[in-house]
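The values are calculated or read from the model by the stated rules, or taken from the named source; none is laboratory data. This is a predicted model, so every value here is computed, not measured. All Cβ positions, even for glycine, are placed from backbone atoms using ideal geometry, and neighbour counts span all protein chains on display. To get the accessible areas, we keep the full protein, side chains included, count just its heavy atoms, and leave off ligands, DNA and RNA. Shrake-Rupley method; radii C 1.70, N 1.55, O 1.52, S 1.80 Å.
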2 protein chains.
Amino acid sequence: MSLLVVGSVAFDAIETPHGKVDRTLGGAASYFSLAASHFSPVRLVGIVGDDFTAKDESVFRGRRIDLSGLERVPGKSFFWAGRYNLNMNERTTLATELNVFADFNPTLPPSYCNSPFIFLGNIDPTLQRSVLKQVRCKPKAIGLDTMNYWIERTSAELRETLKHIQILMINDDETRQLSGEHNLFRAAKHIFKMGPRTLIIKRGEHGAIMVHNDFVFSVPAYPLEEVHDPTGAGDSFAGGFMGYLASAGKVNDRTLRNAMVYGSVLGSFAVERFGVERLTKLNRAEITARARRFSKLTSFKL
Amino acid sequence: MSLLVVGSVAFDAIETPHGKVDRTLGGAASYFSLAASHFSPVRLVGIVGDDFTAKDESVFRGRRIDLSGLERVPGKSFFWAGRYNLNMNERTTLATELNVFADFNPTLPPSYCNSPFIFLGNIDPTLQRSVLKQVRCKPKAIGLDTMNYWIERTSAELRETLKHIQILMINDDETRQLSGEHNLFRAAKHIFKMGPRTLIIKRGEHGAIMVHNDFVFSVPAYPLEEVHDPTGAGDSFAGGFMGYLASAGKVNDRTLRNAMVYGSVLGSFAVERFGVERLTKLNRAEITARARRFSKLTSFKL
């Protein structure tokens, strides 16, 4: 089934101990779409400037990624520059230039309005809600990402948007900030009262936890001896998660657990190379093999 | 099979947001023994002062814990005082009084010298080795815990001791410090060259990872909404791990995985109450039920 995603399409300048790139395709919606497209057709909603060339666009071509919702306007695309420390557990943002993204007002092409699966990337909660208002058929599942900036500055707007979504995908700190609770399992109970039925807490090198009604599911990070570029790991996780869910076509205990595994698989591939490179050179056999290795990583027989 | 443990038996003063105790039985060997005794007979090697009363001793009585290796000398027992912050993710040590522990020179009763499973708690690596020298039959498995203090100050002695052990059980920071490698999986390769065949990295609220030859196994922390006292969680993990292994009587892929689960189970029970209280009021049915819940927490079917 189709999966709609709204979020940033950007250019990134990235420096890690393994190298440096001055301009590479980035942005949450780019990582998300490339990861998700391995599982299901993706409909992208975003905005770019006239510096977004046919060559940049070609990264999405030949995949199941519909770009009819990618708005092109005069000006420069969103630009982000960051540098990771030696151990890649900390990063310094060197530049954030919103450019055309500052005036983003997502408009869905008519063909997108029946999307059964939706992911609202980390943008202004008012814009996230405006996307939902344009969807005509009731979706099967809506996922949402947000961050400290929106939790702090647009709390009422975010609360309103959360009423309409089922799956919230954030990190430890955001979970604590949004709920006002340090303990993550008590935090989940608070958050469930706001609307979501499923909370996914992304914990980077510590994996991810899902709290869903009465069960908790935990998936570790894949053991990698070498990480080249952590940029986009969380967005690739979200893409793998939602992409798998859309391909399964239904949300239940089993599909949610598998979605967590495929999210982790895509996140682990993303960091093996700079930018989106690894996601574009990935095949289904590699994905399946790594998902099976997650099973070996966690299974035991009492 | 019998499990020998050497380590501290102490009195603790503990303050957490859930309460305060001025004097409660503590020390790594106490938590370890109480946790392990749910699985196998334990032989404790330690030292206490004449402030260790019959009432203190009664905590160990009626369990499979042999105290003939617990030396009693004039003076005060090891005393530790600590305070946890509101979120219990940080603690301040208020006092560490080694007292009689400062002159500890472990001597094994003759009945201990054939112990097939051994755990060398976090003490001077020279003393850890002196325990091994007193063991006559070749043990099936030797586990070891250590800390930054010994890694920094007695590096050569620790390296010598590590040559003789199979299972190293430390935390993230200690793994990085000992190996000089930030990446934990590369760190494991370094550590395997020092002697151990199995590295268990304890990560507190993030669970634990085991690296053993060619496989990695990961177990999450049990989802608890309320932690009363984190003291002894790592020692209870070690006790559950080694106790299960001793009860299984052999070390292989399957028993090591299950040992990780039982370690996590015992660690999760320990923190539910102050000091060792929960470990003393635990029955086998509760342990089995929680181990099964770990399976639900991590299992999926692709």
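Structure data summary
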{"quantity": "Kyte-Doolittle at least -0.5, axis length at least 24 Å by Cα - qualifying DSSP helices, chain B", "calculated": "B:253-270"}
{"quantity": "Part-to-part distance (alpha-carbon centres) for the range B:104-164 and the range B:34-91, which is given in Å", "calculated": "19 Å"}
{"quantity": "Proximal lysines to B:Lys281, defined as alpha-carbon separation beneath 19 angstrom and excluding residues fewer than eight positions away on the same chain", "calculated": "B:Lys55"}
{"quantity": "Mean Cα-pair separation over length for the range B:3-298, i.e. relative contact order, pairs under 8 Å, 6 or more apart, %", "calculated": "18 percent"}
{"quantity": "For the pair A and B, total buried accessible area rounded to nearest 100 Å², probe 1.4 Å", "calculated": "3300 Å²"}
{"quantity": "Inter-copy spacing of A:Lys55 label points, which lie 7 Å from Cα along Cα→Cβ, given in nm from shortest upward", "calculated": "8.1"}
{"quantity": "Neighbouring partner chain Cβ atoms per residue of A:208-220, average, 10 Å criterion", "calculated": "4"}
{"quantity": "Cα centroid separation - the range B:209-224 against the range B:177-207, whole Å", "calculated": "12 Å"}
{"quantity": "Cβ-Cβ FRET estimate between B:Arg292 and B:Phe185, R0 fixed at 45 Å, reported to 0.05", "calculated": "0.95"}
{"quantity": "Antiparallel content of DSSP bridges confined to chain A, in %, to 5", "calculated": "40 percent"}
{"quantity": "Which listed pairs, of A:Lys250/B:Lys296; B:Lys138/B:Lys189; B:Lys138/B:Lys296, have C-alpha distances above 30 Å, in listed order", "calculated": "B:Lys138/B:Lys296"}
{"quantity": "Ratio of Rg to Rh over the range A:152-302 (Cα coordinates, Kirkwood Rh, two decimals)", "calculated": "0.98"}
{"quantity": "Heavy-atom surface of the protein assembly as shown, accessible at 1.4 Å and reported per residue (Å²)", "calculated": "40 Å²"}
{"quantity": "Loop-located trypsin sites (Lys or Arg not before Pro) in the range B:111-174, at most 15 other Cβ atoms within 10 Å (DSSP)", "calculated": "B:Arg136, B:Lys163"}
{"quantity": "Where the Cα pairs of the protein assembly as shown fall when distances are cut into 10 Å bins, in %", "calculated": "3, 16, 25, 22, 15, 11, 5, 2, 0"}
{"quantity": "Convex hull volume per residue for chain B, taking Cα atoms only, in Å³", "calculated": "130 Å³"}
{"quantity": "Antiparallel bridge percentage (DSSP; both residues within the protein assembly as shown; nearest 5)", "calculated": "40 percent"}
{"quantity": "Kirkwood-type radius of the range B:90-202, with distances r between different C-alpha atoms, in Å", "calculated": "15.0 Å"}
{"quantity": "Distances in nm from A:Asn213 to the matching label points in the other copies, shortest first (labels 7 Å along Cα to Cβ)", "calculated": "4.2"}
{"quantity": "Rg over Rh [alpha-carbon atoms, Kirkwood Rh] for the range A:57-142", "calculated": "1.04"}
{"quantity": "Exposure of B:Lys20 as accessible area (Å², to 10), given a probe of 1.4 Å and all protein chains", "calculated": "130 Å²"}
{"quantity": "Residues in the range B:272-302 occluded by at least 40 Å² - accessible area, probe radius 1.4 Å, against chain by itself", "calculated": "B:Leu297, B:Thr298, B:Phe300, B:Lys301, B:Leu302"}
{"quantity": "Nm distances between copies for B:Arg23, ranked from closest, using label points 7 Å along Cα→Cβ", "calculated": "7.4"}
